[in-house]
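Since the structure comes first, as structure tokens, the remarks are kept for the end.
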């Protein structure tokens, strides 16, 4: 969890340090940006932390992630993702917090992300109902429901952000890693299922600013796709051709690097509602990535380069561990 003690709603939606605001970090383990150490599943700890900090806004990013599905029990997911979220919500109400931003995930859509055989690619908006795939998605969805319930009962302004991929680690799909380099995969994903962490941060700060006016809402936070609903049938089995039509300069650059476009895309995340209602203007999309590659520049934002890869486990457990 991150709490912004100076993030007064209605303020400047830049990074806290750029605004002269104080950001206080809470985490399980000590670190350079962790001011208070403890477990959000511990209600007494959360209560004491909120009373000590007295934050104007809470950015709730604490979670067990998809990489923990194979290493943590389902009960641990419930303790952290569900009970921990409830603790933060209710203590935020008690502490007079003015805005609560919950970092969720597009994994909450679950099996709705994969269309049936012969079906067009899925056009994923906030209105698509989720179909549970694993305990990660189940608990993130349950936490979203708690956010909505606490808003309805206590009027706590809450914004839920369903973020797409922004992690720098390698893909957990062995077949994908065998076919594509990590940089190639991530560039391709900006077409339909990835965002840069700088744009993710901007969305969180805007959400903290606008939550009191909005009340409650859920938004998909992903790079702006170049695809439209008219492309969904074709990209299911011929995505590379569609991309070449939209980006004629991609072929030469990909050949220069020995890269490949995806021949098939099964889902497209749509960020239109976040752009319209939050005023979110993501800067990093496939066009921006392609232009950087052509100029032999790093397509990642300065923030993404600074943050780097952190890993998810103390001991090596696979591609997600650094």
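The values are calculated or read from the model by the stated rules, or taken from the named source; none is laboratory data. All values reported here derive from a predicted model rather than from experimental measurement. Here the Cβ is made from the backbone with ideal geometry for all residues, glycine too, and neighbour counts use every protein chain on show.
So which residues in the stretch 209-240 are part of a helix (DSSP H, G or I), out of contact with any helix residue (DSSP H, G or I) (no Cβ under 7 Å at 6 or more places or on another chain) and under 24 Å from residue 293 (Cα atoms)?
Selection gives 238, 239, 240.
With the structure loaded, tell me whether residue 189 is touching a residue at least 12 places away in the same chain (Cβ under 8 Å) and over 26 Å from residue 83 (Cβ atoms) or whether it fails that test.
Taking the combined requirement at face value, the residue satisfies it.
Looking for something part of a helix (DSSP H, G or I), within 25 Å of residue 65 (Cα to Cα) and within 20 Å of the chain's Cα centre (by Cα) - is there at least one such residue anywhere in the stretch 189-197?
Looking through the stretch 189-197, at least one residue is part of a helix (DSSP H, G or I), within 25 Å of residue 65 (Cα to Cα) and within 20 Å of the chain's Cα centre (by Cα).
Just need a number here: residues in the stretch 115-164 that are in contact (Cβ under 8 Å) with a residue 24 or more places away in the chain and farther than 21 Å from residue 101 by Cα.
The qualifying residues number 10.
Determine if the stretch 37-55 includes at least one residue that is in contact with a strand residue (DSSP E or B) (Cβ under 6 Å, 6 or more places away or on another chain) and outside any helix (DSSP H, G or I).
yes
Return yes or no: is residue 261 over 15 Å from residue 225 (Cβ atoms) and either surrounded by 13 or more Cβ atoms within 10 Å (Cβ to Cβ) or under 26 Å from the mean Cα position of the chain (by Cα) (or both)?
For residue 261, the condition - over 15 Å from residue 225 (Cβ atoms) and either surrounded by 13 or more Cβ atoms within 10 Å (Cβ to Cβ) or under 26 Å from the mean Cα position of the chain (by Cα) (or both) - is not met.
What's the number of the condition residue 63 fails, among (1) assigned to a helix (DSSP H, G or I); (2) at pLDDT below 90; (3) within 30 Å of residue 265 (Cβ to Cβ); (4) touching a strand residue (DSSP E or B) at 6+ places or on another chain (Cβ under 8 Å)?
Going through (1) assigned to a helix (DSSP H, G or I); (2) at pLDDT below 90; (3) within 30 Å of residue 265 (Cβ to Cβ); (4) touching a strand residue (DSSP E or B) at 6+ places or on another chain (Cβ under 8 Å) one by one, residue 63 breaks only (1).
Residues in the stretch 159-188 that are part of a loop (DSSP other than H, G, I, E, B), within 19 Å of residue 105 (Cβ to Cβ) and modelled with pLDDT of 95 or more: how many?
Count: 1.
Among the residues of the stretch 70-103, what is the count of those that are buried (at least 24 other Cβ atoms within 10 Å of the Cβ) and assigned to a strand (DSSP E or B)?
4
So if I check each of 206, 156, which one is modelled with pLDDT of 95 or more, assigned to a loop (DSSP other than H, G, I, E, B) and surrounded by 17 or more Cβ atoms within 10 Å (Cβ to Cβ)?
That would be 156, the only listed residue that is modelled with pLDDT of 95 or more, assigned to a loop (DSSP other than H, G, I, E, B) and surrounded by 17 or more Cβ atoms within 10 Å (Cβ to Cβ).
If you check 112, 94, which single one turns out to be in contact with a strand residue (DSSP E or B) (Cβ under 6 Å, 6 or more places away or on another chain) and either more than 17 Å from residue 207 (Cβ to Cβ) or without any contact (Cβ under 8 Å) to a residue 12 or more places away in the chain (or both)?
One residue alone meets the criteria, 112.
Yes or no: residue 289 modelled with pLDDT of 95 or more, surrounded by 15 or more Cβ atoms within 10 Å (Cβ to Cβ) and more than 27 Å from residue 110 (Cα to Cα)?
Yes.
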